[in-house]
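The values are calculated or read from the model by the stated rules, or taken from the named source; none is laboratory data. Keep in mind the model is a prediction, meaning the values are calculated, not measured. Ideal geometry is used to build each Cβ from the backbone, glycine not excepted, and the neighbour counts take in all protein chains shown. Areas reflect the complete protein model, heavy atoms only, side chains present, ligands, DNA and RNA absent. Shrake-Rupley method; radii C 1.70, N 1.55, O 1.52, S 1.80 Å.
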Amino acid sequence: MTLPPPQNPPGYPGAAPWQPGPPPPPKKNNTPLIIGLIIGVVVLCVVGLCGGGVVYNLVNDDSPSPSPTAQRTARPSPSDLYSPPEPIPTTEAALPAPAAVGDCITVDKTGDFLGLGNCNGTRGTYRVLSVDRAQGTCADPDGPWITTDGYRLCLELYLVRNYCYILPTDTEFAVAAPKCKAKGTVHIVDIVRGGANGDKCTNDYKWNHWYRFLHPTVVYCVMKY
């Protein structure tokens with residue numbers, strides 16, 4: 001049996017034969033757009049907060065806080081802050097005075113201090129009048145003096161009756177005689193303090209010479225050998 005040829009659908013005179021239509025377009029993915037919108041909103045919020053902070057500072061006459069970099073730049077460098085420590089005052093430990101006022105001492109001919117003696121004639125030819133750590137001048141600037149251990153000792157000649165000595169000169173100090181009656185030594189027979197000459201020397205003992213010294217003034221009546 002032969003079928004009749006297909007007829008055009010009603011209402012479409014002369015239309016082309018029916019064919020299936022094209023597939024629907026793929027559904028659009030809106031995820032990137034949404035992410036972009038979110039980022040934009042966040043950026044606007046941040047800008048709004050920063051701008052609001054600046055406006056607030058301007059209204060309240062406040063300057064924005066400097067950035068950490070600016071703070072580090074404005075801060076003085078360690079060399080600007082350093083100052084040397086104050087020196088700690090120190091006092092040099094002073095040696096004890098070698099003698100006290102009233103002591104008798106021994107020296108050599110050049111005036112070097114040999115140690116403490118005594119004032120009875122057995123050891124010592126000078127008595128200490130003052131002990132000065134500052135080494136200033138003596139009360140009698142023309143009198144004998146020595147320096148030792150950082151002290152100035154102001155002295156007076158102090159000889160004792162019945163002992164033998166080598167008397168001082170303009171350049172040498174008085175010292176004990178190494179042997180009594182040796183040449184150049186004297187034996188002290190009498191002492192006249194404040195005397196001007198030998199007129200007041202004793203007549204009870206024999207003597208053959210007198211010597212007058214100043215600072216303090218004294219006359220020694222002696223046997224000179």
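Points to keep in mind about this one:
- At the residue level, Thr137 shows approximately 120 square angstrom of accessible surface with a 1.4 angstrom probe and all protein chains present.
- Farthest positive-ward along segment 92-225 dipole, Cα basis, beta-carbon charges - from Gly195, Leu114, Pro141: Gly195
- Cβ-Cβ FRET estimate between Tyr163 and Ala139, R0 fixed at 35 Å, reported to 0.05: 0.80
- Descending semi-axes in Å of segment 92-225, equivalent ellipsoid built from Cα gyration tensor: 28, 16, 12
- The residues Glu86, Glu172, sorted by heavy-atom accessible surface at 1.4 Å with ligands and nucleic acids left out, run Glu86, Glu172 from largest to smallest.
- Taking 26 Å as the limit for the C-alpha separation, the pairs Lys109/Lys206; Lys179/Lys206; Lys109/Lys224 exceed it in the case of Lys109/Lys206.
- Each Lys and Arg adds +1 at its Cβ and each Asp and Glu adds -1 at its Cβ; summed about the Cα centre, segment 170-225 shows a dipole of about 200 debye.
- Simple Cβ-charge dipole of segment 105-167, Lys/Arg +1 and Asp/Glu -1, about Cα centre, in debye nearest 20: 220 debye
- Placing +1 on the Cβ of every Lys and Arg and -1 on the Cβ of every Asp and Glu, with nothing else charged, gives segment 92-196 a dipole about its Cα centre of roughly 540 debye.
- Shape category assigned to segment 138-186 from the gyration tensor of Cα positions, a/c cut at 1.5: prolate
- Highest to lowest packing among 198-209, 159-170, scored as the average C-beta count within 10 Å: 159-170, 198-209
- For Glu172 and Asp199, the FRET efficiency from 1/(1 + (r/R0)^6), where r spans their Cβ atoms and R0 equals 22 Å, is about 0.20.
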